[in-house]
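The values are calculated or read from the model by the stated rules, or taken from the named source; none is laboratory data. For clarity, every value in this text was computed on a predicted model and none was experimentally measured. Positions of Cβ are backbone-derived with ideal geometry, glycine not excepted, and every protein chain shown enters the neighbour counts.
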Ligand SMILES: NC(=O)c1ccc[n+]([C@@H]2O[C@H](COP(=O)([O-])OP(=O)(O)OC[C@H]3O[C@@H](n4cnc5c(N)ncnc54)[C@H](OP(=O)(O)O)[C@@H]3O)[C@@H](O)[C@H]2O)c1
């Protein structure tokens, strides 16, 4: 543990929102949501003013990829850049691919596990790597290991001369004591379960490629991207809406508005380093499930019941280093909670994919 890195604990999630400008009180529909999630902050537009060369986003077909790709295209256009934004995924769903094209990206269908994958990847100077596989690990651990080892190795080999921001996860750490402020980047990577260990392998393969070949990289350890259709807040809000009690055993977590996580990823293209810079990207506060659920329920006009007691340890990350580099995430967590409450109370569409954030044995 690096004693020089400040650990901070925030028992309450309510912070001043006086500085918030330009954020709606509620999100009316998916069009407004997609616009908001992909709205590039000035700092991202500035990155695209400076970047030389094209950007490829690998594994863009998932929950975060569409808004990241669209943010990159909007920032590129606002910067007056002529760079191509390649959106690379398997694109099993043609509608997803069409949305990426409509956002202004050039799409490439590529399975990174295919033998000819390296030949299909477009040339690019900057890479955001988003491929990952978590759910279904208990049934097919082999698939999880292949997706999180073979695919990164292929990408690292194809883009040895690029700058790479590779999404990783806060799951690479073991649980840490609630109140400690969360794991810091220098803590040991000794997590529970096959998915988390495969995620460590993903990082280590990128790191090996960086150290051996000099490829600059960032390993972006994300803890829970939040938006109204997916995420820990949705899991809690859905339970409240269904009148189900909330188990407090996993009583604490970290979260960040998905748009802020995507903005961080794009800004970090300029911070790629060798050996890689490992960085926790999440909100600055340790969120208590009881506090968050209480606020969700209040805003939803519903009662909430709890079972169990918060465990003394949880999966928590300390984002002090990212905050020092990039500043605090722009979207206050209280606003995100209110958006999710309003969305859920109106029966807004969800992705129907629980995060399983409450899992404590590492089995997904
Ligand atoms: N969302 C979160 O809260 C969260 C939290 C921590 C870490 N992360 C990390 O952040 C990254 C992005 O998150 P996400 O939520 O968008 O993940 P996701 O929904 O699982 O998306 C990852 C995408 O990668 C693509 N992919 C998978 N295998 C592939 C292959 N063999 N070849 C090419 N593409 C492949 C898939 O799209 P296609 O089907 O189109 O191929 C998949 O949808 C992931 O790596 C995840 O580990 C996310």
Query raised in the report: With region 287-364 as the region, which helices (runs of 4 or more DSSP H) entirely inside it contain at least 2 residues that are closer than 29 Å to residue 44 by Cα and in contact with a helix residue (DSSP H, G or I) (Cβ under 9 Å, 6 or more places away or on another chain)?
Result: 320-326, 333-345
Query raised in the report: Counting just the residues of region 61-83 that are within 15 Å of residue 265 (Cβ to Cβ) and not in a helix (DSSP H, G or I), which one comes out nearest to the ligand (Cβ to nearest atom)?
Result: 62
Report summary line: Filter region 259-272 for residues that are touching a strand residue (DSSP E or B) at 6+ places or on another chain (Cβ under 7 Å) and more than 19 Å from residue 223 (Cβ to Cβ); the one that is surrounded by the most Cβ atoms within 10 Å (Cβ to Cβ) is 269
Query raised in the report: Going through region 215-227 one residue at a time, which ones are away from the ligand (no atom under 12 Å from the Cβ) and under 16 Å from the mean Cα position of the chain (by Cα)?
Result: 218
Report summary line: Scanning region 228-261 for residues that are under 11 Å from the mean Cα position of the chain (by Cα), near the ligand (Cβ under 9 Å from one of its atoms) and either without any contact (Cβ under 8 Å) to a residue 60 or more places away in the chain or at negative phi (or both) gives 255, 256, 258, 261
Requested in this report: Take region 29-83 and flag every residue that is surrounded by fewer than 18 Cβ atoms within 10 Å (Cβ to Cβ) and within 30 Å of residue 150 (Cα to Cα).
Outcome: 52, 53, 62, 63
Query raised in the report: So, in region 200-214, of the ones that are under 15 Å from residue 156 (Cα atoms) and in contact with a helix residue (DSSP H, G or I) (Cβ under 6 Å, 6 or more places away or on another chain), which residue ends up farthest from the ligand (Cβ to nearest atom)?
Result: 209
Report summary line: Taking region 208-226 and keeping only residues that are over 16 Å from residue 291 (Cβ atoms) and touching a strand residue (DSSP E or B) at 6+ places or on another chain (Cβ under 7 Å), one is left with 210, 215, 216, 217, 218, 219, 220, 221, 222, 223, 225
Requested in this report: Would you kindly identify the strands (runs of 3 or more DSSP E) lying entirely within region 84-195 that contain at least 3 residues that are free of Cβ contacts under 8 Å to residues at least 60 places away in the same chain, more than 13 Å from the ligand (Cβ to nearest atom) and surrounded by fewer than 23 Cβ atoms within 10 Å (Cβ to Cβ)?
Outcome: none
Query raised in the report: Given the conditions (1) out of contact with any strand residue (DSSP E or B) (no Cβ under 6 Å at 6 or more places or on another chain); (2) modelled with pLDDT of 95 or more, and given that residue 7 satisfies all but one, which numbered condition is not satisfied?
Result: (2)
Requested in this report: Quickly run through region 228-255 and pick out the residues that are out of contact with any strand residue (DSSP E or B) (no Cβ under 7 Å at 6 or more places or on another chain), closer than 24 Å to residue 27 by Cα and assigned to a loop (DSSP other than H, G, I, E, B).
Outcome: 228, 229, 242, 243
Query raised in the report: Name the residues in region 267-286 that are assigned to a helix (DSSP H, G or I) and over 19 Å from residue 210 (Cα atoms), would you?
Result: 267
